[in-house]
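What follows is a set of notes on a single structure, which appears directly below.
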Amino acid sequence: MSTAQLLLGYLTEAEYARQRGVSIRTTQRDRAMRQSPPHVVIGRQVYYRIEAAREWLLARENSSTRLPQSLAGKRGRP
């Protein structure tokens, strides 16, 4: 079995960071603060299971009920 098959369904830390649009350092900081998806460390490499990362993002999804700052101060004014 090749490494590619073994890690099918996982993202490297670099790919995870790229898809999020953040630096690798940000992903490292998030992990240190325990604010990241579950991950696997093999040797010195960090991997994220794609489905676990998606579930983690969905769990943090919210719908804002607050007014934008530009409108918040105008409530009640004619």
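FYI, it's all coordinate maths here, none of it is from the lab. The model shown is predicted, which means the values in this text are computed figures rather than measured ones. Cβ atoms come from the backbone with ideal geometry, glycine included; neighbour counts cover every protein chain shown.
In a shell of Cβ-Cβ distance under 13 Å around Y48, excluding Y48 itself, what net charge do Lys and Arg (+1) and Asp and Glu (-1) give? All intermediate terms of the calculation are to be shown ahead of the outcome.
Values: positive: R18, R20, R31, R49, R54; negative: E13, E15, D30, E51, E55.
Cβ neighbours under 13 Å give a net charge of 0.
Counting Lys and Arg as +1 and Asp and Glu as -1, what is the net charge of the other residues whose Cβ lies under 12 Å from the Cβ of H39? Write out the running numbers ahead of the final one.
Working: positive: R31, R34, R49; negative: E13, D30.
Neighbourhood net charge equals +1.
Express the relative contact order of the stretch 3-59 as a whole percentage, based on alpha carbon pairs under 8 Å and six or more residues apart in sequence. It would help to have the intermediate numbers written out before the result.
Details: 47 pairs, mean separation 21.8, N = 57.
38 percent.
Can you compute log10 of I(q)/I(0) for the stretch 3-59 with the Debye formula, treating each Cα as one identical point scatterer, at q = 0.17, 0.21, 0.31 Å⁻¹?
-0.50, -0.78, -1.51
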